[in-house]
Amino acid sequence: MANRTTANRKPSMGDVAQAVGVSKTTISRYLHGEFGYMSPETKARIEAVISELGYRPNKMAQGLKATVSHLVGVTIADIGNPFSSLLLKGIQQECRARDVQLLVSDSNNRASFERANIESLLDAQVDGLIVNTVGDNDAWLTDYCSRRNHKPMVMLDRIVQPIVCDCVATDNHGAAFEMLDYLVDRGFEYVVLVMRPSDGISTRTMRREAVEQYFLDRGLRGEVLVYRADAADLSARLADVVGAHREERVCLFANNDESMRDVLEAMPSSTAGRVGVCAFADERWAKYSGVGITCLDQNPVEMGRAAARALVARAYDGYDGPYELKEMPARLCRFASTEC
């Protein structure tokens with residue numbers, strides 16, 4: 001069917017065009033999904049020749065020449081966090097269905113890295129951005145979204161308020177209230193929200209505000225215990241809290257998976273079996289942690305898919321409506337950790 005290219009040389013778009021007997025413009029239209037003026041026969045021939053030659057288009061080169069690169073940039077606050085990897089999985093699923101490739105960068109929880117990531121992704125001619133922000137970077141992100149002709153951006157999990165672009169996040173207020181209602185029904189009298197410092201991270205701020213509001217509105221007694229990731233005294237602080245309320249049913253409510261692991265490692269052995277534990281956490285590991293940890297599963301894969309759909313609508317489908325905040329429900333999963 002097609003003439004083989006010179007040995008040790010990657011086939012080019014010109015090679016494909018010559019083998020099919022069409023122009024490079026026709027091949028370019030095929031690669032960008034523009035089939036409006038292309039017969040089914042031509043489309044089939046192009047597909048067959050690409051397969052035979054093993055041709056792989058240079059997405060970066062295409063981006064420099066075309067209005068649309070079919071590349072989406074993603075910057076993640078901490079790619080080592082299991083929750084983040086599931087966000088990426090969802091983004092990838094949706095983009096793959098649209099033949100869109102991802103360029104992914106890790107910010108390593110540093111705002112300066114996040115800014116550099118975004119600028120580098122824009123230099124790579126991405127069609128849009130999905131940002132899982134490190135926090136404490138709101139002013140820069142707001143300024144970016146106010147630039148003339150900026151590429152569309154969707155914020156995922158952590159957001160800027162008031163919103164300056166489309167956002168996808170957990171319904172943190174609703175989820176926190178649902179968990180606390182459940183704990184009250186289980187007879188817990190004192191709840192401790194255990195969390196790392198907010199540091200401008202919207203999820204932590206919203207969860208803290210929701211818990212504190214619940215304490216005020218519903219009369220549940222409790223407190224917020226804030227600790228640093230490298231703190232050596234978490235075990236002692238937890239022991240002090242539990243000791244001060246030894247006559248009450250106490251539950252430790254961890255803000256996320258990381259804090260849940262910290263709590264499980266720091267809990268004094270003397271509290272085992274008499275103090276409840278729960279968390280915002282992935283059910284798939286929470287159910288196998290000890291007796292099983294009652295959790296609020298946020299379904300990060302679906303969150304990633306929702307963010308990708310929102311970006312695709314603006315970057316490729318021409319949607320230009322008002323920016324929206326999509327708050328997704330968390331699912332309460334009950335396990336033995338709150339049956340003490």
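The values are calculated or read from the model by the stated rules, or taken from the named source; none is laboratory data. In this text, all values refer to a predicted model and were calculated from it rather than measured experimentally. A quick note on method: Cβ atoms are made from the backbone with ideal geometry, for glycine too, and the neighbour counts reach across all protein chains shown. Note: accessible area is taken over every heavy atom of the protein model, side chains too, but ligands, DNA and RNA are not part of it. Shrake-Rupley method; radii C 1.70, N 1.55, O 1.52, S 1.80 Å.
The selection criterion, being surrounded by fewer than 19 Cβ atoms within 10 Å (Cβ to Cβ), among the small types (Gly, Ala, Ser), touching a Ser or Thr at 6+ places or on another chain (Cβ under 9 Å) and in contact (Cβ under 8 Å) with a residue 40 or more places away in the chain, holds for Gly290.
Here's a check for you: in region 111-123, which residue that is of a type outside the set (S, T, N, Q) and either surrounded by fewer than 16 Cβ atoms within 10 Å (Cβ to Cβ) or in contact with an Asp or Glu (Cβ under 6 Å, 6 or more places away or on another chain) (or both) is nearest to Leu87 (Cα to Cα)? Checked region 111-123; the qualifying residue nearest to Leu87 (Cα to Cα) is Ala111. Kindly evaluate Asp166 against the criterion of being among the acidic types (Asp, Glu), under 19 Å from the mean Cα position of the chain (by Cα) and open to solvent by less than 50 Å² (accessible area, probe 1.4 Å). Considered against the rule, which asks whether it is among the acidic types (Asp, Glu), under 19 Å from the mean Cα position of the chain (by Cα) and open to solvent by less than 50 Å² (accessible area, probe 1.4 Å), Asp166 comes out as yes.
Within region 265-282, residues that are touching a residue at least 12 places away in the same chain (Cβ under 8 Å) and at positive phi have Cβ atoms under 6 Å from residues that are in a loop (DSSP other than H, G, I, E, B) and open to solvent by 10 Å² or more (accessible area, probe 1.4 Å) in these pairs: Gly273/Cys340, counting only partners at least 6 apart in sequence or on another chain. Which condition number does Leu88 fail, the rest of (1) closer than 30 Å to Asn299 by Cβ; (2) modelled with pLDDT under 85 being met? All conditions are met except number (2). In region 292-306, which residues are out of contact with any Asp or Glu (no Cβ under 8 Å at 6 or more places or on another chain) and either of a type in the set (Gly, Ala, Ser) or over 19 Å from Asp166 (Cβ atoms) (or both)? Of everything in region 292-306, those that are out of contact with any Asp or Glu (no Cβ under 8 Å at 6 or more places or on another chain) and either of a type in the set (Gly, Ala, Ser) or over 19 Å from Asp166 (Cβ atoms) (or both) turn out to be Gly292, Ile293, Thr294, Ala306.
Quick grid of which residues meet (1) at pLDDT below 90; (2) under 29 Å from His150 (Cα atoms); (3) among the β-branched types (Val, Ile, Thr); (4) surrounded by fewer than 19 Cβ atoms within 10 Å (Cβ to Cβ):
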{"residue": "Thr42", "(1), (2), (3), (4)": "yes, no, yes, yes"}
{"residue": "Ile46", "(1), (2), (3), (4)": "no, no, yes, no"}
{"residue": "Val49", "(1), (2), (3), (4)": "no, no, yes, no"}
{"residue": "Ala77", "(1), (2), (3), (4)": "no, yes, no, no"}
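Residues of region 197-255 that are part of a loop (DSSP other than H, G, I, E, B), under 30 Å from Thr142 (Cα atoms) and not acidic (Asp, Glu): Pro197, Ser198, Gly200, Ile201, Tyr227, Arg228, Ala229, Asn255.
When Val277, Val242, Val250 are checked against the criterion of being farther than 30 Å from Met155 by Cβ, touching a helix residue (DSSP H, G or I) at 6+ places or on another chain (Cβ under 6 Å) and modelled with pLDDT under 95, Val242 stands alone in meeting it.
Selection of first residues in region 13-42 that are in contact (Cβ under 8 Å) with a residue 40 or more places away in the chain and of second residues that are crowded, with 16+ Cβ neighbours inside 10 Å and among the hydrophobic types (A, V, I, L, M, F, W, C), restricted to Cβ pairs under 7 Å at least 6 apart or on distinct chains, gives the following pairs, ordered by first then second residue: Met13/Ile27; Asp15/Leu53. Note on region 227-261: residues that are open to solvent by 30 Å² or more (accessible area, probe 1.4 Å) and out of contact with any strand residue (DSSP E or B) (no Cβ under 6 Å at 6 or more places or on another chain) amount to 17.
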